[in-house]
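S.K.: Here's a structure for you.
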Amino acid sequence: MDKSKRPFRKSKRSFRRRLPPIGSGDRIDYRNMSLISRFISEQGKILSRRVNRLTLKQQRLITTAIKQARILSSLPFLNNEKQLERTESIPRTTGTRIRNK
């Protein structure tokens, strides 16, 4: 078969395999805060499996570990890094109305 008559083939690219985010020795546990904190967004939400590059079983274990850590107060439910700054508060009147006659 001549090279000109060969069917079109895509060139094979070499893909760089990413290392798995959880090593074989890492234990998924609610006490392992350094591991758990990698899978939480800036707002305190649990990141999706696609973003984390985890297997289904690992994602389930991470999710339960995060929820356990939140219940035991070792991890906040919300990440309040952006504290709302209050500007001057308007003084309130306590039930007394000024009537114009």
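S.K.: Given the residues 26, 2, which is the only one that is within 19 Å of residue 55 (Cα to Cα), modelled with pLDDT under 85 and of a type in the set (D, E, K, R)?
M.R.: Working: 2 fails: within 19 Å of residue 55 (Cα to Cα).
Of the residues listed, the single one that is within 19 Å of residue 55 (Cα to Cα), modelled with pLDDT under 85 and of a type in the set (D, E, K, R) is 26.
S.K.: Next up: Look at the stretch 21-60 and say how many of its residues are open to solvent by 80 Å² or more (accessible area, probe 1.4 Å), touching a residue at least 24 places away in the same chain (Cβ under 8 Å) and not acidic (Asp, Glu).
M.R.: Number of matching residues: 3.
S.K.: Can I ask one more? Just one of (1) in a loop (DSSP other than H, G, I, E, B); (2) charged (D, E, K, R); (3) modelled with pLDDT of 70 or more trips up residue 82, so point out which.
M.R.: Every condition holds for residue 82 apart from (3).
S.K.: For the stretch 28-55, name all the residues that are over 15 Å from residue 68 (Cα atoms) and of a type in the set (Lys, Arg).
M.R.: 38, 49, 50, 53
The values are calculated or read from the model by the stated rules, or taken from the named source; none is laboratory data. These numbers were taken from a predicted model, which means no experiment stands behind them. Glycine also receives a Cβ, built like all others from the backbone with ideal geometry; neighbour counts cover every protein chain displayed. The accessibility values were calculated without ligands, DNA or RNA, using every heavy atom of the protein model including side chains. Shrake-Rupley method; radii C 1.70, N 1.55, O 1.52, S 1.80 Å.
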